[in-house]
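Worksheet for the structure shown next.
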Amino acid sequence: MSTEDSAGAHAHDEPGGAPEGRGGDGPVARRDRAVRAAVEQGLITEASPVAGLLDVTGIRASAAALRAAFDEVTAPGTDVLHAFAVKAASLVPVLRLLADEGLGAEVASPGELALARAAGVPASRTVLDSPAKTDGELREALDLGIALNADNWEELARLDALAAPGPDGLPPLGLRINPQIGGGAIDALSTATATSKFGVPLRDDGPDGGTPEEVRARVVRAFLDRPWLTQVHVHAGSQGMEPAAMAAGTRAAYELAEEINAEAGRRQVTTLDIGGGLPVDFASDTPPDFAGHARLLAATVPGLLDGRYGLVTEFGRSLLAKNGLVLARVEYAKSAGGRPIAVTHAGAQLATRTAFAPQSWPLRVRAYDAKGLPKGGPPVAQDVAGPCCFAGDLVAENRPLPLLAAGDLAALLDTGAYYFSNHFAYNSLPRPAVYGFADDPSAPGGVRFALARPQQTVEEIVAESGAAQRDALTGGLLRD
């Protein structure tokens, strides 16, 4: 199945036991054990009817697969930084786990930078990318020694005034370019279109840029005039984008770096930051193919990996998605128009993209009974709904599954990235607890859990919603 197909494909569910070909120690078996143990250990209750579960063993394996994939294709001694895209899992314990696996952090806001620092990610392994950095954010990055990529000409002008080398020199500074190679199956995630808001477009022939040749000459000149500008950044897209297109975007950045260095007569550009992640197949348990992607880059841009350039990657979703699930209790089972509906506690507040754009973000649902065991029975077409007060709050529509009943559990698969770390506060529903898990024969059910984030309390929701300022609009303002 191609990336274009899988982006909008109907998710395939697992109605009964473990799929064929999966051993007892594989990710599916670990997942089933974790669900059963979560019930046995009281992680899912009336007071906590939904939780996020992260497979720590799977995350470590994904990080190892990423490192091995690029080790295979890069020349010995090549400086490679795998900077995890913090937006994909904005939880300090997750960032700490990935740092323990040798990954850095790619941040796009002051909050994400603060999370990375709280996780202990060194400044030297942190990269700041954002299209709207303030002067204060730029100064902080420079003071901390964090690499950053300017997004546009105006930001580059700001750096001209700020980037005065100190006694320790400057951190790596780069310019993000848009190769304008086109979009993929998901418009909202296509970052290299002709009109993308990101980066300096390389092929423009409009009034702001002149002809493509003039634009390219301006970019080259910008580097020659700024000896401290030492890296080129490109992000050609992730989910919904064909890997070949992303590799073409990387080639455009490499060719620009080669031209800059030729004009400079030296190796001014020393690093290429190839942002963008590998697409995830949400229709199966197949993990992202880091090795295949690395080999594709080696075939498309061989000079990228020959040791002359340092390399930064910014994978996010592909490292975490397959290693997590949202587990939710079915509160009620009903029917309408002859179709069964399972009303659960996981909907748009967690699966926001799925609720609003189900064709682009389909999720597989796995049915478990009240004891946490895979539910059997013939598949019945049914809706799996969330708790939010709008009709589109569905995570699966007319989906064949064993018939869910009150007290059963619905597991939303492939949700380790984005789904429980970037909460949508609709109806003031609480952010759920998130637990990491790993097999442990000494623990109840053979699985040990570690709390990565507690469930948000009602008191915290009220405080966050301005309780301390209750009288601000009635007592603090003059009446007409």
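The values are calculated or read from the model by the stated rules, or taken from the named source; none is laboratory data. Keep in mind the model is a prediction, meaning the values are calculated, not measured. No Cβ is skipped: glycine too gets one built from the backbone with ideal geometry, and neighbour counts run over all protein chains shown.
Residues of region 370-400 being small (Gly, Ala, Ser), part of a loop (DSSP other than H, G, I, E, B) and within 14 Å of residue 345 (Cα to Cα), which ones?
386
Kindly indicate the residue of region 286-309 that is within 18 Å of the chain's Cα centre (by Cα) and crowded, with 17+ Cβ neighbours inside 10 Å and also farthest from residue 325 (Cα to Cα) among those meeting that condition.
Just the residues of region 286-309 that are within 18 Å of the chain's Cα centre (by Cα), to begin with: 286-290, 293.
Now restrict to residues that are crowded, with 17+ Cβ neighbours inside 10 Å: 287-290, 293.
On the way: 287: 15, 288: 17, 289: 20, 290: 21, 293: 25 Å.
Ranking the candidates gives 293 first.
Test residue 297 against the criterion of being hydrophobic (A, V, I, L, M, F, W, C), out of contact with any strand residue (DSSP E or B) (no Cβ under 6 Å at 6 or more places or on another chain) and either within 25 Å of residue 43 (Cβ to Cβ) or outside any loop (DSSP other than H, G, I, E, B) (or both), and give yes or no.
yes
Quick one: count up the residues across region 100-114 that are more than 15 Å from the chain's Cα centre (by Cα) and either part of a helix (DSSP H, G or I) or surrounded by 22 or more Cβ atoms within 10 Å (Cβ to Cβ) (or both).
5
Report, by residue number, each residue of region 312-329 that is buried (at least 24 other Cβ atoms within 10 Å of the Cβ) and part of a strand (DSSP E or B).
312, 313, 324, 325, 326, 327, 328
I'd like the full set of residues that are in the same structural domain as residue 49 (by TED's automatic domain parsing), part of a loop (DSSP other than H, G, I, E, B) and basic (Lys, Arg), limited to region 421-480.
Of everything in region 421-480, just one residue is in the same structural domain as residue 49 (by TED's automatic domain parsing), part of a loop (DSSP other than H, G, I, E, B) and basic (Lys, Arg), namely 431.
Could you list, ordered by first residue, the pairs with Cβ atoms under 9 Å in which the first is in region 369-380 and in contact (Cβ under 8 Å) with a residue 60 or more places away in the chain and within 13 Å of residue 327 (Cα to Cα) and the second is of a type in the set (Gly, Ala, Ser) and surrounded by fewer than 14 Cβ atoms within 10 Å (Cβ to Cβ), at least 6 apart or interchain?
From region 369-380, the pairs are 370/406; 370/407; 374/17.
Restricting the search to region 219-266, which residues are part of a loop (DSSP other than H, G, I, E, B), modelled with pLDDT of 85 or more and either crowded, with 21+ Cβ neighbours inside 10 Å or within 24 Å of the chain's Cα centre (by Cα) (or both)?
None - no residue of region 219-266 is part of a loop (DSSP other than H, G, I, E, B), modelled with pLDDT of 85 or more and either crowded, with 21+ Cβ neighbours inside 10 Å or within 24 Å of the chain's Cα centre (by Cα) (or both), so the list stays empty.
What are the residue pairs meeting all of these: first residue in region 271-285, first residue more than 29 Å from residue 256 (Cα to Cα), second residue β-branched (Val, Ile, Thr), Cβ atoms under 8 Å, and 6 or more apart or on different chains?
What qualifies is 285/28.
Restricting attention to region 419-426, does a residue exist that is farther than 30 Å from residue 340 by Cβ and touching an Asp or Glu at 6+ places or on another chain (Cβ under 8 Å)?
No, region 419-426 has no match at all.
Quick one: would you say residue 86 is within 14 Å of residue 313 (Cα to Cα), assigned by TED's automatic domain parsing to the domain that holds residue 289, of a type outside the set (D, E, K, R) and surrounded by fewer than 20 Cβ atoms within 10 Å (Cβ to Cβ)?
On the way: within 14 Å of residue 313 (Cα to Cα): yes; assigned by TED's automatic domain parsing to the domain that holds residue 289: yes; of a type outside the set (D, E, K, R): yes; surrounded by fewer than 20 Cβ atoms within 10 Å (Cβ to Cβ): no.
Here the answer is no, as residue 86 does not meet what is asked.
Within region 120-140, track down each residue that is of a type in the set (Asp, Glu) and surrounded by 13 or more Cβ atoms within 10 Å (Cβ to Cβ).
Selection gives 129, 137, 140.
Among the residues of region 407-427, is there at least one that is in contact with a Cys (Cβ under 6 Å, 6 or more places away or on another chain), more than 17 Å from residue 48 (Cα to Cα) and buried (at least 17 other Cβ atoms within 10 Å of the Cβ)?
Yes - at least one qualifying residue is present in region 407-427.
Against the condition buried (at least 22 other Cβ atoms within 10 Å of the Cβ) and β-branched (Val, Ile, Thr), how does residue 50 come out, does it pass?
yes
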